[in-house]
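Written below as structure tokens is the structure these notes are about.
What follows is calculated from the coordinates using simple rules that are stated; it is not laboratory data. Bear in mind that the values here come from a model prediction, so they are computed numbers and not experimental data. Here the Cβ is made from the backbone with ideal geometry for all residues, glycine too, and neighbour counts use every protein chain on show.
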Amino acid sequence: MASIKVIYRTARNRGLLEGTLFIRIIHDRKLREIETNYHVYPEEWDSEKKCIILPETYSFRVQHLIETDDNLQDDLRRLSAVINLLEEYGSYTVDDIIQGFQVKPKSSHISAYVKKLSAFLVENGQDRTARAYRTVANQLMAFNGFEEIGLEEINTSFLRKYEAHMKEAGKTMNTISFYMRNLRSIYNRAIKDNLIPIRYDNPFKEVYTGLAPTRKRALTKEEMHILSELELSIYEPKKRFPFLSAFNIRKHAILKKQMTADLRAALAMFMFCFHARGMSFVDMAYLRKKNISRDEISYCRKKTGKNMRIKITPPMQFIIDYFEPATRTSPYVFPIIIPGNGRENRQYEYALQEQNKLLKIIGEIAGINKLISTHVARHSWATIARMEHIPISIISEALGHRDEKTTTIYLDSFNDSVIDRVSEQISRIVH
């Protein structure tokens, strides 16, 4: 069977010029190379692993490298599909592989359509949607043996098989729903673009596109208290927080040694989101200094467009002051989005990924046996408020939800032990 390898060649003039990626194909001891339009610098290519190196910190090159890697992987998958197809026919040459690869997919094929649609979305600042569509298209291609799928082939029968395949692979119902909802969105866009006709029957009607109830990711009051004490140790506890016991100071002095600058910043941001009535990470990232007036924050929620007003509490002010040196020349309150350092939405997405990685480590340091993420701060605020018997109507307003139904779904289920105690209490009443 033919082998495929990606080769990197430096620019002839060297200097600051980018090198070029080639795809090398070997079959029956004959070698051919395809010169691609993908160019990267030497330090952006791993010669051992034969892959593009993404920078650990954000830079203006990140978007270019991600798109280059996506396109390269698409080409490699298409080449593999061509080779697999030729294998079924029996005898073939390396030139047959090249010829098959150079036949461009039709615009009605899902891979080509999603590639075009993704580029349009990125241009309009919808990077996350573009990435979701690419993920769905790649998964669908994998399900189909990396063979092209025509948009017109997406029907009820095909979707049932795809859903069954995902269930057998052990994917959760919400993961299945994610793929189906995004695929439905791609499908509907293709109809609007007149690539496929409108069907009288809805092919997505018989597959799962809902949201299954999941165990929420809220932390308890005790767990939040642990994080709060760990966070307070950042701000010189002996000086600002004399009420901490000598034992706690010693305990957190040990933990502090394990807390790097990045971890301290991640914890402070997490606690700010919690104290700011469960402010979402995206709203915190885009929070500007002009949104602050005296002791109040006014902003518009990214998700719902609802105007929010939050009183700045002492813990929130401590955190704002903590980041002030890093944002002195920035219009933003937090050092997440750096003006002039590339596209803001791309900076935000990279920061979100890094924040979740750091929060996982913080949970381990604090001894909390739960996966902590940015959204946990919001769930925790809502659930703790409910445990304190705050009416759902007030919690809903505080979170900026459109209605109380959303808040009810959002709240964490009561702890099993609480329900058990209630059950025992009722049993004693009637016994």
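Restricting segment 318-405 to trypsin sites (Lys or Arg not before Pro) that sit in a DSSP loop and have at most 11 other Cβ atoms within 10 Å of their own Cβ leaves Arg328. The Cα atoms of segment 117-207 give a gyration tensor whose axes a ≥ b ≥ c have a/c of 1.5 or more with a/b no greater than b/c, which makes the shape oblate. The packing ranking, built from the mean of other Cβ atoms within 10 Å per residue, places the peptides 17-26, 111-120, 42-51, 304-313 in the order 111-120, 17-26, 304-313, 42-51, highest first. Amide H contacts under 5 Å for Leu219: Ser380, restricted to partners 5 or more places along the chain or on a different chain, H placed in the peptide plane at 1.01 Å from N. Annotation: amide H-H contacts under 5 Å for Cys51 (H modelled 1.01 Å from N, sequence separation of 5 or more, or interchain): Asp46. Amide H to amide H, with H built 1.01 Å from N, Ile149 comes under 5 Å of Ile110, Ser111, counting only residues 5 or more places away or on other chains. Computed from backbone phi, the HN-Hα couplings of segment 168-179 come to 5, 7, x, 6, 6, 5, 5, 5, 4, 4, 4, 5 Hz, rounded to whole numbers (Karplus: 6.51 cos²θ - 1.76 cosθ + 1.60, θ = phi - 60°; Gly and Pro given as x).
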